[in-house]
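The values are calculated or read from the model by the stated rules, or taken from the named source; none is laboratory data. Since the model is a prediction, treat every value here as computed from it, not as a measurement. Virtual Cβ from ideal backbone geometry, glycine too; neighbours counted across all protein chains shown.
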Amino acid sequence: MHRHHHPQRHTYLGREELDLICFGNPELDRIHADNSDGKLHLCAGGPAANTAAAFAGLGGKVSLVGYVSNDKPGKFLLARLKKTSIDTSYLPIDGHPTVTNEIRVTPMGRHIIDPNRRISTVVGNGDIESHIISAKAMLISLSDETFGYYADMATKNNLSLYVSAHQYRKENARDGGHDLRRYNISAIIGDKREMEEVKTRCDLVENTTLATTMAEKGSRCLSNQIDIHAPAFPVESVDPTGAGDAFAAGYIYADLIMKLFAHSKLLYGNACGTLAIMGYGAQQNITMERVDGLLRKHGYI
C-alpha cells in the first residue's frame, strides 16, 4: 500500500467544499464497565456522529445533519461535537429527549438496552439543499425515515452515496423493503446480519458494493466483480461500541478521498474500527497518524 497524500481542498460558491455529510441524531451512551474499573462512562454516541467524528479525525471535512435535544444530555453532546472539526451548523435544537443507550460491557461482550429510537433526521428545505450540494458525498442509514428524500437529493446532485445498514431489520423495511436500484450507490456498509437483511429486503443493482464487517474476522468487500477480504488487527478490546461506525469512516475516507483499491479501503476501515474498541465509547481519538501507525506495525505501509 502506498502512503496516502491529503488532497487539496476545493471551494464551492466561495466556501470550502465539504467531503461528507452524515445524517443522524447524536445520542448518549451510558457504558457500565463490568470488565475493568466498574465505572459508568458517559460518552458521546449515535452512529452518524461516531462516523463523522472518526472521518474528521482522519482529516476529512464533514457535516452532521440531524436533531440535538435541548436537555442536559443534548447540551453535553453538542459541547463534545463542537470540540471537533465537525460542522454542526445543521443540528437544530428541539424539545425531544435525547436518545440514551444503556450499554453493559462484560468480559463476555456487551449488552445494549435500546429505548424507542428516534430515527428521523431533518427533512430539508432550500437552505439545506444548498448545504448538501456543497459536499462530495453523503452517508445515510436505511433505517432513517428520511432515507428516500436524501438519497434522491444525492442522485439529483451527483453526490457519491454511501448507505449505512446499521440496525436494518425487518421492522425498518417499510412497504416490504427498499428499491435501491434507482440510486448510484458507492457502497452499502454494515455487519453480516445487517447485510443479510439488505440482500433479503432490498432490490439492488447487480454490481452494488457491499462492505461487510465481521468483528475479529476482519471485513469483506463483495460485488459481482470482486470478493476481497482483509484481516482484523489483533488488539485487546476494551469496548466494542461504535467499531462499525468507525469502520465506515475509514472505508469512506479511503474510497472518497484517497481513491484506494478495495483491499486498502477495508484495511483503513479495519484500522479505524480497531482504534475505536481500544477505549470506552465510540468517539475515540482516531487520527490518520494513529491509523498509519497501526498499518505500519502490521506491514501494510
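When Ser264 is tested against (1) of a type in the set (Gly, Ala, Ser); (2) part of a loop (DSSP other than H, G, I, E, B); (3) touching a residue at least 60 places away in the same chain (Cβ under 8 Å); (4) more than 15 Å from Ala53 (Cα to Cα), just one condition goes unmet, and that condition is (2).
Is it true that some residue in the stretch 259-278 is among the β-branched types (Val, Ile, Thr), closer than 24 Å to Ile103 by Cα and out of contact with any Asp or Glu (no Cβ under 7 Å at 6 or more places or on another chain)? Yes.
In the stretch 157-173, the qualifying residues are those that are modelled with pLDDT under 95 and under 20 Å from Glu145 (Cβ atoms), and the one that is surrounded by the fewest Cβ atoms within 10 Å (Cβ to Cβ) is Glu171.
When Ile189, Ile228 are checked against the criterion of being modelled with pLDDT of 95 or more, surrounded by fewer than 17 Cβ atoms within 10 Å (Cβ to Cβ), closer than 23 Å to Leu275 by Cβ and of a type outside the set (Asp, Glu), a single residue qualifies: Ile228.
If you take the residues of the stretch 33-77 that are in a strand (DSSP E or B) and among the β-branched types (Val, Ile, Thr), which of them is surrounded by the fewest Cβ atoms within 10 Å (Cβ to Cβ)? Going through the qualifying residues, I end up with Val68. All conditions but one from (1) modelled with pLDDT under 90; (2) touching a strand residue (DSSP E or B) at 6+ places or on another chain (Cβ under 9 Å); (3) small (Gly, Ala, Ser) apply to Gly109; the one that does not is (2).
Just one of the listed residues (Gly176, Gly124, Gly95) is surrounded by 16 or more Cβ atoms within 10 Å (Cβ to Cβ), at pLDDT below 90 and farther than 30 Å from Asn270 by Cβ, and it is Gly124.
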